Each structure stands twice: as structure tokens, then as C-alpha cells.
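These notes concern the structure reproduced below.
The values are calculated or read from the model by the stated rules, or taken from the named source; none is laboratory data. This one's a predicted model, so the numbers in the text were calculated from it and none came from an experiment. Methodologically, a virtual Cβ is constructed for each residue, glycine included, from the backbone with ideal geometry; neighbour enumeration extends over all protein chains shown. Protein only, heavy atoms only, side chains kept; ligands, DNA and RNA dropped before computing areas. Shrake-Rupley method; radii C 1.70, N 1.55, O 1.52, S 1.80 Å.
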Amino acid sequence: MTKGPVDSARVPRFAGPATFARLPRIDEVERADVAVVGVPFDSGVSYRPGARFGPAAVREASRLLRPYHPGLDVSPFERVQVVDAGDIAVNPFRIEDAIESIEAAAGAMDARLVTIGGDHTIALPLLRTAARRHGPVALLHFDAHLDTWDTYFDAAYTHGTPFRRAVEEGLLDTEALGHVGIRGPLYGKKDLDDDRRLGFGIVTAADVLRRGLDEVIDALRQRIGDRPLYVSVDIDVLDPAHAPGTGTPEAGGLTSRELLEILRGLAGCHLIGADVVEVAPAYDHAEITSVAASHVAYDLVSLLALRENP
Ligand SMILES: N=C(N)NCCCC(=O)O
Ligand SMILES: [Zn+2]
Ligand SMILES: [Zn+2]
């Protein structure tokens with residue numbers, strides 16, 4: 001038996017403090033299979049700040065989630081024990097310190113994680129934890145941006161650089177790396193050459209439109225196979241119409257429907273962990289972005305729940 005969310009037929013969903021999907025806190029259960037954890041950290045951003053408030057906004061927006069996922073035909077909270085593990089509290093003034101704390105805290109959690117950011121810097125320590133458990137992992141990275149740049153103002157650890165660092169540290173299986181949703185101006189053509197050299201394949205936002213979802217999903221599944229897979233979702237992969245509340249918005253992005261369908265197309269893959277990052281509520285309107293992020297997180301939890309044996 002699992003302990004599920006607060007019953008919204010008995011306690012109105014707008015009452016009480018918000019845990020993700022109104023799930024129990026980690027201290028309310030004996031063990032957890034899947035934990036949703038927040039990382040309120042945004043000291044690695046290059047433009048608009050504010051993703052430190054992402055975890056709280058996504059939890060608020062997640063009050064309306066319901067326990068059965070018809071697209072994947074699964075009741076994730078019955079199938080496995082899902083909890084809200086609260087926030088990892090990290091140093092907002094020293095990025096390297098914060099990265100170490102995230103790595104330590106994530107490594108100490110005995111559950112598969114869906115992490116809510118926070119800016120994209122946090123993917124690096126999360127990938128370190130994933131690689132320590134599984135060896136180099138396959139990565140699907142949903143984002144408008146490559147995030148394989150080298151440095152900003154000589155800083156190596158920023159939200160534009162986590163995946164270059166991850167390749168350099170040997171955390172990723174370079175046979176199985178994909179970006180999805182890439183678009184927008186770059187600093188130069190070299191950005192793409194560097195990215196390719198690191199091992200990444202790119203499905204652009206235009207590819208999603210032109211090739212269509214089924215073909216894109218097939219190609220991604222072929223590239224990943226049954227390797228241990230980490231999924232990192234920068235909410236700016238969505239068009240600013242679908243996610244205005246983010247720090248580095250780019251026109252011409254995916255719809256939330258497209259993103260959710262691609263995620264559902266990964267059913268059965270060997271997902272081992274995931275994050276949803278870059279929700280900056282101060283730029284949001286009517287919870288558009290945090291609602292989208294809460295559904296993305298729900299789909300990721302559902303994908304993890306589908307595969308009971310991690
Ligand atoms: N990871 C996100 N969201 N953005 C990276 C943008 C880096 C830049 O300002 O060029
Ligand atoms: Zn981005
Ligand atoms: Zn990013």
C-alpha cells in the first residue's frame with residue numbers, strides 16, 4: 001500500500017500547504033520510490049533571475065493534478081510510493097558550494113528523483129549523482145539552448161555550461177546524447193561544432209514541427225535504447241506563449257502539448273531521474289509556466305512509476 005495525495009473530494013485542493021500534487025512529505029512515509037525535490041537556486045543565470053522561486057510555484061500549480069494518467073494508463077501514486085522531499089537548501093552566494101551541496105543531498109536520497117529547479121546549473125550535480133549510481137548515462141535534454149557553452153565571464157559553472165562540464169567529467173554516455181527543442185540565435189557556428197564534438201545530436205524546434213512527433217520519438221528511442229536515461233527539461237523549451245515565466249525566453253518553441261507527447265513517447269525507456277528547471281514565476285502570468293512545469297513533472301513521475309524496477 002502506498003500513501004497517496006490528500007483526497008481532493010474531502011479537503012478542497014486549494015486548502016492547506018502545497019506539496020507536489022498534494023503528496024505526502026518524505027517524513028510522513030517509511031520509504032519512498034520516487035521523490036520530487038526542489039532546488040531553489042538561481043545564482044547561475046545569465047539574464048533574468050528568479051528561478052529560485054520555481055519550486056514553490058510549481059508546487060502551488062500542482063494542486064490540480066489528479067491521480068490517474070490516462071495518456072500512460074497509470075496511477076503513479078498507487079504503483080509506487082511518491083513523496084515530496086522538500087527543498088535542498090543551498091548557498092546562494094557561492095555556486096561551487098551550492099553544486100557540492102546539491103550533489104551530496106541528492107546522493108543521500110534513497111529514491112529516484114524528479115528535481116524542480118532552480119536554474120540549469122543544478123543539472124550538473126544531479127548528473128554526477130546519477131553517474132555514480134549507474135555509470136555514464138544517456139541524456140535527453142529539452143531546451144531552447146544548448147547549455148554546452150564553455151564559460152561566461154570566465155565562470156565555468158553556470159546555467160549555460162552544465163552539459164559541457166558533464167561530458168568533460170565523464171558523466172554522460174556520449175553515444176546517447178540528444179537535445180530537443182533547440183532554436184534561436186547562437187554566439188557563432190562554432191557553438192554547434194563544439195556541441196557535435198561533445199557527442200550531442202540535435203532535434204530542433206523546427207524538426208519537431210516538420211518531421212512530426214512520431215518520427216522524432218522513434219529517432220530518440222533508437223538513440224537511447226535501454227540505456228539508463230536522465231531527462232532534463234528546461235521549461236524554456238516551450239514557446240514563450242506556453243512558458244513566459246522563464247529567464248532566457250526564445251521565440252518559436254514547442255507547445256506544451258508537443259512536449260508532453262514526446263515525454264509520453266518515452267514510456268518503457270530506462271528513466272533513472274529527471275529535472276524540470278528554469279521556471280521564474282516573477283515573469284509568469286496566470287501560472288501558465290508553473291502549470292506546464294507541474295504537468296511535465298507529473299509525466300516524469302509517471303514514467304518513473306511505469307518502470308517499477310529501477
Ligand atoms: N539554460 C538556460 N535557460 N539558458 C542558457 C542561456 C545562456 C546564455 O545566456 O547564452
Ligand atoms: Zn534554456
Ligand atoms: Zn537550459
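Quick one: how many Å² of I99 are accessible to a 1.4 Å probe, rounded to 10?
Answer for I99: close to 10 Å² accessible.
How much net charge surrounds P17 when only other residues with a Cβ under 14 Å from its Cβ are counted (Lys, Arg +1; Asp, Glu -1)?
Computed value for this residue: 0.
Just order 261-274, 193-206, 50-63 by mean Cβ neighbour count inside 10 Å, highest at the front, would you?
Ranked by mean Cβ neighbours within 10 Å, highest first: 50-63, 261-274, 193-206.
Can you tell me the 0 to 90 degree angle between the C-alpha axis of helix 189-198 and the longest principal axis of the chain, rounded to 10?
Taking the Cα atoms of the chain, the angle to 189-198 is about 60 degrees.
How big is the accessible area of T129 in square angstrom, nearest 10, if you roll a 1.4 angstrom probe over the protein chains?
10
If you average the C-alpha positions of the range 148-221 and of the range 116-135 separately, how far apart do those two centres end up, in angstrom?
16
Using the Cα gyration tensor of the range 65-224, with a ≥ b ≥ c the square roots of its eigenvalues, what is the shape: rounded (a/c below 1.5), prolate (a/b larger than b/c) or oblate (neither)?
Because a/c hits 1.5 or more and a/b fails to exceed b/c, the range 65-224 counts as oblate.
Can you tell me how the range 183-298 classifies by the Cα gyration tensor, rounded, prolate or oblate, using a/c under 1.5 as the rounded cut?
In terms of gyration-tensor shape, oblate.
Among rounded, prolate and oblate, which fits the range 20-306 when a ≥ b ≥ c are the square roots of the eigenvalues of its C-alpha gyration tensor, a/c under 1.5 means rounded, and a/b larger than b/c means prolate?
Rounded is the answer for the range 20-306, as its axis ratio a/c remains below 1.5.
Under a 1.4 Å probe, what is the accessible area of the range 20-306 per residue, stated in Å²?
It amounts to 39 Å² per residue over the range 20-306.
In what sequence, highest mean first, do 133-143, 104-114, 236-246 appear when ranked by Cβ atoms within 10 angstrom?
Descending mean neighbour count gives 236-246, 133-143, 104-114.
Averaging sequence separations of C-alpha pairs under 8 Å and six or more residues apart, then dividing by the length of the chain, give the relative contact order as a whole percent.
Relative contact order of the chain: 22 percent.
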